[in-house]
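No lab work stands behind these numbers, since they all come straight from the coordinates. It should be emphasised that the depicted structure is a prediction, and the values quoted were computed from it without experimental measurement. With ideal geometry, Cβ positions are generated from the backbone for all residues, glycine too; neighbour counts draw on all protein chains shown.
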Amino acid sequence: MALVWILLLVLAFVSAAIDGRMDGLTQGALEGAENAIGLAISLAGILALWMGLFRVADAAGLTRKLASLLRPLLARLFSDVPRDHAALDSMALNVSANMLGLGNAATPLGLRAMEQLQTLNPNPRAATDAMILFLVVNTSSVQLIPATVIALRAASGSPAPADVIGPTLLATSVSTVVGIVAAKWFARLSWRKLPSLAGEG
Amino acid sequence: MDVLAKALGGLSLWAIPFLLAGIPAYAFARKVDVYSTFVEGAKEGLQVALRIAPYLVAILVAVGAFRGAGAMDRLSDGLGPILAPLGIPPEVLPVALVRPLSGSGSTGLLADLMKAEGPDSLAARIGAVMAGSTETTFYVLAVYFGAVGIRRYRHAIPAALAADLAGFAAAVAIVHFLWNG
């Protein structure tokens with residue numbers, strides 16, 4: 001990210017030097033700084049609303065309920081993890097917490113899942129197929145309600161900030177399915193296969 | 001296809017009211033102390049906003065300078081003709097490229113895009129759908145693999161990026177289908 005940041009600033013400087021728009025650069029930078037704080041404040045209210053609401057959902061046991069619905073699905077997907085293994089429970093809870101937008105609660109559950117998957121790993125320095133599949137599911141299936149995006153749309157004056165919810169759910173389903181297929185497919189390519197797992201799959 | 005548009009629209013319209021009424025009512029029925037639980041969570045939301053503020057300053061200063069200097073126009077002019085046939089507005093590119101790297105960075109860039117092009121422009125909508133449907137892939141991989149000492153990622157990055165790319169392509173296609181008719 002440091003590289004992206006430097007690149008934006010340096011390219012801005014070069015471009016301004018060529019076009020003689022140094023004043024524009026300065027103005028843009030100062031406005032950006034000012035807007036950032038206004039943005040953080042307008043995000044704060046809506047983020048507080050969602051985190052409050054989903055804390056209530058979590059307290060009512062909805063995370064666990066969702067996890068128990070997801071677990072059989074995950075057991076089928078992770079064919080190389082024993083069906084009664086604790087890693088499946090942690091993964092189901094992590095994915096559920098992510099779906100509900102409980103990012104802070106999701107991370108420790110996800111890390112516990114990784115530790116449990118690591119116990120099944122014959123080569124502790126290399127990722128197993130199951131770990132990769134888990135991270136692909138984790139990074140591609142996200143919140144049921146994209147709270148930050150809705151907050152941004154509301155803050156910038158959209159008349160219907162929530163109208164991206166449906167499209168986002170569809171897009172995230174596509175990305176999850178493609179991710180799972182890609183992870184399964186790449187896992188079959190023998191050139192990166194772990195030698196100790198060569199017989200499987 | 002009209003059915004799909006209606007279904008997605010209905011989902012968007014109903015999701016928030018349904019959750020807003022449904023979650024507290026369900027929790028109340030299960031004897032959760034809903035009010036103070038909500039306030040506890042809301043406190044955390046405020047902390048998140050406070051925590052990302054300095055990151056937003058960093059990214060919005062950089063992209064503000066980039067835009068103010070005319071470099072964003074240069075980028076759009078240069079890449080527009082290549083991306084146009086794919087239905088990708090060039091303005092959405094910075095958000096799409098930063099999304100897998102940094103959550104607060106892409107939040108800042110998306111805010112900047114909405115301000116510059118309008119929140120309901122095609123570019124801003126594509127950015128919004130994409131940002132909501134993908135994650136900060138590289139960050140998650142680094143944290144999760146790092147925590148258990150994995151050094152060889154094998155096919156993790158290509159598989160995760162394939163998912164991100166599919167999410168982006170789906171965002172482009174869905175937004176065009178719904179709002180560029």
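Based on alpha-carbon atoms only, what is the radius of gyration of the protein assembly as shown relative to the globular estimate 2.2 N^0.38 Å?
Here the Cα radius of gyration is 1.01 times the empirical estimate.
Counting other beta carbons within 10 Å of each Cβ, put A:50, B:14 in order, fewest first.
B:14, A:50
Mean separation of Cα pairs under 8 Å and 6+ residues apart, divided by the residue count of chain A: what relative contact order is that in percent?
So the answer I get is 18 percent.
Mind running the shape call on the stretch B:101-167? Use the C-alpha gyration tensor, a ≥ b ≥ c as the square roots of the eigenvalues: rounded below 1.5 for a/c, prolate if a/b tops b/c, oblate otherwise.
prolate
Mind pulling the angle between the C-alpha long axis of helix A:86-99 and the longest principal axis of chain A? Nearest 10 degrees, somewhere in 0 to 90.
Roughly 30 degrees between the two axes.
Checking the cross-link filter: which lysines have an alpha carbon closer than 16 Å to that of residue A:184, excluding same-chain neighbours under 8 positions apart?
Partners within reach: A:193.
Per residue of B:121-129, count partner chain C-beta atoms within 10 Å of its C-beta, then hand back the mean as an integer.
4
Over the whole of A:59-70, what's the average partner chain Cβ count within 10 Å per residue? Rounded to a whole number, please.
3
Which order do B:86, B:8 fall in if you start with the one that has the fewest other Cβ atoms within 10 Å?
So the ranking, lowest neighbour count to highest, is B:86, B:8.
Using r as the Cβ-Cβ distance of residue B:143 and residue A:33, and R0 as 35 Å, what FRET efficiency do you calculate, to the nearest 0.05?
0.75
Hey, how many Å between the Cα centroid of the stretch B:66-140 and the Cα centroid of the stretch A:128-165?
The two parts, judged by their Cα centres, are 15 Å apart.
Treat the count of other C-beta atoms within 10 Å as a stand-in for reagent exposure and order B:48, A:181 from fewest to most.
Neighbour counts put them in this order, fewest first: A:181, B:48.
Using Cα atoms only, what is the angle between the long axis of helix A:129-140 and the major principal axis of chain A, expressed in degrees (0 to 90) to the nearest 10?
30
So what's the back-of-envelope 222 nm ellipticity for the protein assembly as shown, counting only DSSP H runs of four-plus at -39500 (n - 2.57) apiece and dividing by all residues, rounded to 500?
Helices in the protein assembly as shown give a 222 nm mean residue ellipticity of -26000 deg cm²/dmol.
Given labels modelled 7 Å from the Cα in the Cβ direction, how far is it in nm from residue B:73 to residue A:7?
2.3
For a protection proxy built on the mean count of beta-carbon atoms within 10 angstrom, sort A:168-175, A:56-63, B:105-112, B:58-65 highest first, please.
B:105-112, B:58-65, A:168-175, A:56-63
Please sort by residue number the trypsin sites (Lys or Arg not before Pro) in the stretch A:87-156 whose DSSP state is loop and whose Cβ has at most 15 other Cβ atoms within 10 Å.
Passing sites in the stretch A:87-156 are A:125.
Spin-label point model (7 Å from Cα, Cβ direction): what's the residue A:76 to residue B:30 distance in nm?
Roughly 2.5 nm, to one decimal.
Multiply the residue gap between residue B:3 and residue B:50 by 0.36 nm, knock off their C-alpha separation, and tell me the result in nm, one decimal place.
Roughly 12.8 nm would be gained on extension.
Quick one: grab the alpha carbon gyration tensor of the stretch A:52-200, order the square roots of its eigenvalues as a ≥ b ≥ c, and give me rounded if a/c is under 1.5, else prolate or oblate depending on whether a/b is larger than b/c.
In terms of gyration-tensor shape, prolate.
With each label point set 7 Å from Cα along the Cα-Cβ vector, what nm distance links residue A:119 and residue B:101?
With each label placed 7 Å out from Cα toward Cβ, I get 3.9 nm.
Below 15 Å, Cα to Cα, which aspartates and glutamates can residue B:6 reach? Residues fewer than 8 away in the same chain don't count.
Partners found: A:163.
What residue among A:145, A:132, A:18 shows peak mean-square fluctuation when chain A is described by a Gaussian network model with Cα springs under 10 Å?
A:18
Would you mind checking the tilt of helix B:103-117 against the longest principal axis of the Cα atoms of chain B, expressed as 0 to 90 degrees and rounded to 10?
Approximately 60 degrees, to the nearest 10.
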